[in-house]
Amino acid sequence: MDWPDILARAALARRASPECPSDATLVAAARDNPETFLAPYVRYVDRVYGYCLARLGDRAAEDARSGVFARTRAALGRYQIDVFIAWLFRIAHKVVVDARRRIA
């Protein structure tokens, strides 16, 4: 199964679910089992991409989006996260700044 299939299935499962789990629940599950990181990824991938796109342009935004989620997944177990989306966009900001430095 490839990524587009996985993302499509996750999006369908999320829409079919009457209750969406909280970010805290998703993060806790992802800490216990890294394979479950797909759920927070699906929830926020479009917003992170939009943030990066507005600041970097098309091609660089795709790379930045990947970098954001790679850093987030790698650091997930090392930090106490109170508000996941704030932490995620803090990482996104740092990735965007790094990308702009490389472009300039």
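The values are calculated or read from the model by the stated rules, or taken from the named source; none is laboratory data. Small disclaimer: the values here were computed from a predicted structure and weren't measured. Backbone-built Cβ (ideal geometry, glycine too); neighbour counts: all protein chains shown. The area values use the complete protein model at the heavy-atom level, side chains included, leaving out ligands, DNA and RNA. Shrake-Rupley method; radii C 1.70, N 1.55, O 1.52, S 1.80 Å.
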(message) So for segment 25-104, averaging the separation of alpha carbon pairs under 8 Å that are six or more residues apart and normalising by length, what relative contact order in percent results?
(response) 30 percent
(request) Provide the per residue accessible area, probe 1.4 Å, for segment 20-84, rounded to a whole number of square angstrom. (result) 57 Å²
(request) Order the peptides 80-86, 68-74 from the highest to the lowest mean number of other Cβ atoms within 10 Å of their residues. (result) 68-74, 80-86
(request) Grab the alpha carbons of segment 25-85, take their convex hull, and tell me the volume per residue in Å³. (result) 80 Å³
(request) Please give the length that would be gained between R59 and R100 if that part of the chain were fully extended, namely 0.36 nm times their separation in residues minus their C-alpha to C-alpha distance (nm, one decimal). (result) 13.5 nm
(request) For every other residue with a beta carbon closer than 15 angstrom to the beta carbon of R102, add +1 if it is Lys or Arg and -1 if Asp or Glu, then tell me the sum. (result) +2
